[in-house]
Amino acid sequence: MVRHPLAPEQIEAGRRLGAALRAARAGRSPVEVAAAAEISPETLRKIETGRLPTPAFGTVVRLSEVLDVPLTELALVWRTDPALSKAS
């Protein structure tokens, strides 16, 4: 299987998703959240910093549940293009 490079829009969407998850984590430690979501702390760090802009769907679902953030809200964060908001 050949993995195609991500488009700049996908990379930016991953950064927005990571920032939203980091904000939702608030005062909880990354290790605590990662353990509850059954992922490694390093995976959580990569997602939060945008180094893993397209995490697996199951990972996002588990983080959504652990952080009590509706999956639809995370989808909206990922799909929202700030450039479009500025144009309005």
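The values are calculated or read from the model by the stated rules, or taken from the named source; none is laboratory data. None of the values given here were measured: they were computed from a predicted structure. Heads up, the Cβs are rebuilt from the backbone with ideal geometry, glycines too, and the neighbour counts pull from every protein chain shown. For accessibility, only protein heavy atoms count, side chains too; no ligands or nucleic acids. Shrake-Rupley method; radii C 1.70, N 1.55, O 1.52, S 1.80 Å.
Quick notes on this one:
- Residue with peak Gaussian network fluctuation, the chain [Cα springs, cutoff 10 Å], from E32, E12, E48: E32
- Shape call, the chain: gyration tensor on alpha carbons, a/c limit 1.5: oblate
- Simple rule: put +1 on each Lys or Arg Cβ and -1 on each Asp or Glu Cβ in the chain, find the dipole, and look at L21, P55, V2; the Cα lying farthest toward the positive end is V2.
- Net lengthening on full extension, E42/A23 (0.36 nm per residue, minus Cα-Cα): 5.1 nm
- Annotation for M1 and A56: the two label points, set 7 Å from Cα along the Cα-Cβ direction, are 1.0 nm apart.
- Added length on full extension, which subtracts the Cα-Cα distance from 0.36 nm per residue, E32 to R79: 14.2 nm
- Rounded to 0.05, the FRET efficiency of the D68 and R15 pair, given R0 = 22 Å and the Cβ-Cβ distance, is 0.50.
- Split the accessible area of the chain by element, probe 1.4 Å, and carbon with sulfur accounts for 60%.
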